[in-house]
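Here's the structure, in structure tokens; my notes come after.
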Amino acid sequence: MTETIFEFLSKVGFTHPLHPALTHIPMGMVMGAVVFRLASFLPRLKILAKTGYHCVILGLLGIAPTAFAGYLDWQHRYQGEWEFFIILKMVLASLLTIALISIAIMDDPENPKFDRKTGFYFLIVLLAIGLGFSGGELQYG
Ligand code: HEM
């Protein structure tokens, strides 16, 4: 299946890896989520907690296609070879998914507080940094 997809893409002139383009969805939404969450503690900006929460939802929706594209690139460009950074990325992507679902379920963006729920926003940034770092190591060595 993987080679059929890449053969089709190359026939229509697309020869790049798929995953890097999609990574911007979860990466950007996670960064936006924490920035808006922190900004919501400033006077008169409480409403931005909702914006941060919406970033969490969109980031969560972006995980499946991003991880799938990562899987396809791994099969196509790295021949599905198991290496440390691939395993690390799978673990981090799973943890990020769990953390985002936890926020989606637990958080009350109408009443943002500097509590454990806000701690989860910091956690998703750390996980996203880990994913970006391990992706960079795979891509650029
Ligand atoms: C939501 C989860 C994920 C995020 C946010 C993410 C993020 C990234 C980023 C930022 C890069 C560097 C891209 C660049 O050079 O511009 C990257 C590269 C890479 N990632 Fe991921 N990643 C995720 C999940 C996965 C998974 C599950 C796999 C494999 C099963 C994977 C495999 C790869 C590979 C092979 C590369 C090297 C570049 C390529 O050939 O696509 N990623 N990732």
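Across region 35-51, what is the total count of residues that are under 20 Å from Ile129 (Cβ atoms) and touching a Gly at 6+ places or on another chain (Cβ under 7 Å)?
Number satisfying all stated conditions: 2.
Listed here are the residues, each with its yes/no results for (1) in contact with a His (Cβ under 8 Å, 6 or more places away or on another chain); (2) more than 14 Å from the ligand (Cβ to nearest atom); (3) outside any helix (DSSP H, G or I).
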{"position": "Leu38", "(1), (2), (3)": "no, yes, no"}
{"position": "Ala49", "(1), (2), (3)": "no, yes, no"}
{"position": "His54", "(1), (2), (3)": "no, yes, no"}
{"position": "Ile63", "(1), (2), (3)": "no, no, no"}
{"position": "Gln79", "(1), (2), (3)": "no, no, yes"}
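Just to check your reading of the model, which residue among Gly70, Gly130 is touching a residue at least 24 places away in the same chain (Cβ under 8 Å), in contact with a Leu (Cβ under 7 Å, 6 or more places away or on another chain), farther than 21 Å from Lys46 by Cα and assigned to a helix (DSSP H, G or I)?
Every option except Gly130 fails the conditions.
How do the pairs read when you match residues in region 75-90 that are farther than 13 Å from Gln139 by Cβ with residues anywhere that are more than 9 Å from the ligand (Cβ to nearest atom), using Cβ under 8 Å and keeping only pairs 6 or more apart or on different chains?
Within 8 Å, the pairs are Gln75/Thr2; His76/Thr2; His76/Glu3; His76/Phe6; Leu88/Gly130.
Where a number appears in this text, it was derived from the coordinates with a stated rule and is not lab data. All values derive from a computational prediction rather than experimental measurement. When we count neighbours, we look across all protein chains shown, and the Cβ atoms used for this are built from the backbone with ideal geometry, even at glycine.
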